[in-house]
Each structure stands twice: as C-alpha cells, then as structure tokens.
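**Student:** One structure coming up, written as structure tokens, with questions to follow.
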Amino acid sequence: MDQCHAHQYKKVVHVQDVGARMFEKRSGENPYLKWLTLFVASGTLVCCALPILLVTLGFGAVVASLNYNIPGLIFLAEHKIWTLTMAALILMFLAWVIWRPNQHCPAEPELASLCKKSKRLNKRIFWISSMIWFIGFFTSYLLLPLRNLLNL
C-alpha cells in the first residue's frame, strides 16, 4: 500500500515538474519579462514625470539635488525619446506575449489554476506599466503644449 502512494506521489511531482518546465520553456514567456517591463516603464516616470511634478510643487532644489547626486537621471532626461521608445517596444512585446493567439492552459486542475493566476498577474503588471508609461509620455510631450494651448 505504501509503495502505491509513493508511486502516485512520484507521478504528481513529475507532472508538476513537467508543467513548470513547460511554462518556463515557452518562447517569449520569460518570467523576468514582466518585471523588466515594470522597471523600464518606471524609468520613464523617474526621468520625465517626477521632475516635472516636483518643480510644479515648488521643489526645484530637490530636483537639482537629485540630478547632481544621481547622474543617470540627467542621461535619461536628455534621451527621453529613446527611453520612452524602448519602454513602448517592451510594452508591445509583453502585450503580444499576454494576448497572442493559441494560448492554452493545461488540463490538469492545479496547473490550470496556476496558469490562470499567472495570466492575471501578467495583465495587472502590464496595465500598471502602461499607466506609468503614459504618465511619463504625457508629462514629457503633451503637458507643455496643452498648458500653452489653454493659456495656463
């Protein structure tokens, strides 16, 4: 009897290992892609939106101090076209990974629930990253022309 349970346990562990490897080996489904996207989108927020917000609130000295102490911020601000473009390209790739056709979750209930949770997490991270990217784009390229148009 114990041998039967041990054999079934080995089967379950083997199925879980195969399922985990299946998710890792799919093309374009790198587990670090979603976090890379969030990091790059946050870079657009740091380079473009945060300094404008701080200066608007009267904290220009804080922005000057940050730029002096963190030289990478000046590089990002000077190359905001490249920063925003790279973030947009990575966001588009992540959107393709999430919503590409012919995606199926496994039939096994445990793996299917893990697959659904993973898809939900990927979608949430995608939308958060997209909002961060849009805030950076809006403050970099649309805020000043809109302000001039409205005579504010």
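The values are calculated or read from the model by the stated rules, or taken from the named source; none is laboratory data. Just so you know, these numbers come straight off a predicted model, no measurement behind them. Positions of Cβ are backbone-derived with ideal geometry, glycine not excepted, and every protein chain shown enters the neighbour counts.
**Student:** Taking the condition of being of a type in the set (Gly, Ala, Ser) and within 18 Å of the chain's Cα centre (by Cα), how many residues in region 99-139 meet it?
**Tutor:** Selection size over region 99-139: 4.
**Student:** What number of residues within region 10-59 are over 23 Å from the mean Cα position of the chain (by Cα) and modelled with pLDDT of 75 or more?
**Tutor:** Result for region 10-59: 6.
**Student:** As an exercise: evaluate Leu54 against (1) closer than 18 Å to Leu144 by Cβ; (2) in contact with a Ser or Thr (Cβ under 7 Å, 6 or more places away or on another chain) and give the number of the one condition it does not meet.
**Tutor:** That leaves (2) as the condition not met.
**Student:** Let me ask something else about it. What are the pairs with Cβ atoms under 6 angstrom where one residue, in region 104-132, is in contact (Cβ under 8 Å) with a residue 24 or more places away in the chain and the other, located anywhere, is in a helix (DSSP H, G or I) and among the basic types (Lys, Arg)? Sequence gap at least six, or different chains.
**Tutor:** Once the first residue is in contact (Cβ under 8 Å) with a residue 24 or more places away in the chain and sits in region 104-132, its partners that are in a helix (DSSP H, G or I) and among the basic types (Lys, Arg) give Asn122/Lys34; Ile125/Lys34.
**Student:** So the check is Cβ under 6 Å with 6+ separation or different chains; which pairs have a first residue in region 60-78 that's closer than 17 Å to Ser42 by Cα and touching a residue at least 24 places away in the same chain (Cβ under 8 Å) and a second one that's in a helix (DSSP H, G or I) and among the hydroxyl-bearing types (Ser, Thr, Tyr)?
**Tutor:** Final answer for the pair search is Leu76/Thr83.
**Student:** Scan region 64-92 for residues that are aliphatic (A, V, I, L, M) and in contact with a helix residue (DSSP H, G or I) (Cβ under 8 Å, 6 or more places away or on another chain) and jot them down.
**Tutor:** Leu66, Leu73, Ile74, Leu76, Ala77, Leu84, Met86, Ala87, Ala88, Ile90, Leu91
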